[in-house]
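Nothing in this text is a laboratory measurement; each read-out follows from the coordinates by a stated rule. Being a predicted model, the structure only gives us computed values, none of them experimental. Heads up, the Cβs are rebuilt from the backbone with ideal geometry, glycines too, and the neighbour counts pull from every protein chain shown.
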Amino acid sequence: MFDLALQAEPAATWTALAPAILLGLTGLVLLGIDTIRTDEASNALLAAVSAGGSLLAFGTAAWFLVAGTGQERTGGAISLYGDALVVDGMSLFFTLIFTIVTAMVAVASYDYLRDHEYRAEFYSLVLFAATGMTLLSMANSLATVFVSLELASLPSYALVAFLKNDKGSVEAGLKYFLIGAVSSAVFAFGISLVYAVTGSLVLGDVAAAVNAPEMAGVLGIGVLMMIGGFAFKTASVPFHFWAPEAYEGAPAPISAFLSSASKAAGFAVAFRVFVEAFPLGALPAGVDWVIAFQVLAVVTMTLGNFAAATQEKVKRMLAYSSIGHAGYALIGLAALTAGGPNGDVLGASMAHLLVYGFMNTGAFLFIALVEHWGVGRTFEDYNGLASTAPIAAVAMTVFMFSLAGLPPFGGFLSKYALFYSAIEAGFWWLAAVGAINSALSLFYYSRVVKAMWIESPSGDFEIQSRPVGLYAAVIFAGLGTLLLLPAFGPVIETAQTVAATLF
């Protein structure tokens, strides 16, 4: 009834933004709490408010998605503020990813931040970044895309450099900021060129005006520069070089947040912008963004996996592996054709990003747990860890095998659906490259499992504490990765249904 009311009463359509509003308000509440209460005990309250606000936003988005809000069966997408924002099935699906990752990061940060200052600022920046990501998935204007992108990026720069006494964290934050500023400038210039050709920033109006052959050259340059901006946000080659530095130097929960939620946000806006603003079959000759994404997909997944295979630090290995997974997700754009099964392809990529949100976040949070114990960063430092922390080691094993795409874990079905949809669309070679890279990834993922379960510890090590927040977040991510296996049918069906409405 609620979703029907949204359609029937125009004055109430703003309530469709409830997930984003809840995230933003939670960030403001955190700052208010810090103003009123500054004692040490407030850490638990801050973590609880952060996780509670995120879960409330998650529940609202899930309710809207199940009820059909913004979908065809209830009247179609809900447009707001002169078509600057749109709430539909795809935006709600991606909001589920942002909010659940934010909740896991907030719970894990309870223990991680126990001995740090500026905790309220940390939690509020995470919530504000999540707000920007949610708005990115709803952006229906290139102007809104740019503003939302900056809202998601600016808090991220500060979060990467949060460990002010850690030289690596500060250096990573500075590099991330400088490269991000350059990419934002390139992206903004690309938007200006598209506006010069089409005279509009709203995606639907851009699509109606892109077929002018006399401006094909300017349009092509603008599209190419926008691809560069999206490639930076998703850590795709050749704009990936900030990611290993940022992920390694940042606090481990923020590495999880950026590599999962931020990456998904980049894909959410890329899917909408290129599918709706530059529709296949309506572009002038010489402007073919699908070929660009095909090259990006192959190079990104290959370079990411080969680079990950040469690393000796577990956190840096995961950073490069996240680049490889960006290449897999790019298949959602690289395998599109005019009149092809585009909804299936794009939906499979969305489903993979959801599964990836659990398994990759869990892997980085396990690293946060290990850092909390004072274990080293190399593979050898993980030797025999299963004998002292078996439950956490089991969860990490689930994450590693799922990231590699082995059955019976969630990552296997999501990769299978993605590669199968690429074959259905006629791009069997994309699926072949993805399968080969997945086989290669098993080598370096299994190194972690081997170190924990098979290798003998190099010295005496005893766990001094069992951090409740970190353990809860890691186990929750592990259960989510496992439960997505039997629940993958409804997930992929929902993703492909909402993706098909874009075409």
For every helix of n ≥ 4 consecutive DSSP H residues, a contribution of -39,500 (n - 2.57) applies; sum these over the chain, divide by its total residues, and give [θ] at 222 nm rounded to the nearest 500 deg cm²/dmol. -23500 deg cm²/dmol
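How high is the relative contact order of the chain, in percent, counting Cα pairs under 8 Å that sit 6 or more residues apart? Kindly include the intermediate steps, with their values, before the conclusion.
Numbers: 916 pairs, mean separation 75.5, N = 503.
15 percent.
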Once you put a point 7 Å from the Cα of D205 and another 7 Å from the Cα of V170, both along the Cβ direction, what distance in nm separates them? 4.7
FRET efficiency (I221, A48; Cβ distance; R0 51 Å; to 0.05) is 0.55
In the chain, with Lys and Arg counted as +1 and Asp and Glu as -1 at Cβ, which of these residues, A62, P407, T35, has the Cα nearest the positive end of the dipole, that is, farthest along it? P407
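Could you give the longest part of the chain that holds none of the GluC sites (Glu not before Pro) found in DSSP loops with at most 12 neighbouring Cβ atoms within 10 Å?
In short, 118-311.
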Among Y382, Y157, which comes first, second and so on when ranked by fewest other beta-carbon atoms within 10 Å? Y157, Y382
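Mind checking the dipole of segment 288-503: about its Cα centre, +1 per Lys or Arg Cβ, -1 per Asp or Glu Cβ, Debye to the nearest 20? Kindly include the intermediate steps, with their values, before the conclusion.
Values: 8 positive and 11 negative charges, 24 e Å.
With Lys and Arg at +1 and Asp and Glu at -1, about 120 debye.
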What residues of segment 396-424 lie in the reach of a label at L483, counting those whose backbone N is under 16 Å from a point 7 Å from the Cα along Cα→Cβ? 410-411
Mind putting a number on the dipole of the chain about its Cα centre? Charges go on the C-beta only, +1 for Lys and Arg and -1 for Asp and Glu, and I need it in Debye to the nearest 20. 480
Rounded to whole Hz and in sequence order, give me ³J(HN,Hα) for segment 235-242 from the Karplus expression 6.51 cos²θ - 1.76 cosθ + 1.60, θ = phi - 60°, writing x for Gly and Pro. 6, 9, 5, x, 9, 9, 5, 6
Taking H as built 1.01 Å from N, whose amide H comes closer than 5 Å to the amide H of F379, not counting residues under 5 places away? V314
For segment 408-436 and segment 218-286, what is the separation of their C-alpha centers, rounded to whole Å? 21
Setting aside same-chain residues fewer than 8 positions from K164, which lysines have a Cα under 26 Å from its Cα? K175, K233, K263, K313, K315
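Please list 249-256, 160-167 highest first by mean number of surrounding beta-carbon atoms within 10 Å per residue.
Working: 249-256: 28.2, 160-167: 16.9.
In decreasing order of mean packing, 249-256, 160-167 become 249-256, 160-167.
Among 51-58, 387-394, what's the highest-first ranking by average C-beta atoms within 10 angstrom per residue?
Working: 51-58: 22.2, 387-394: 16.9.
Packing order, densest peptide first, comes out as 51-58, 387-394.
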Segment 43-106 to segment 342-399: how many Å between their Cα centroids? 25
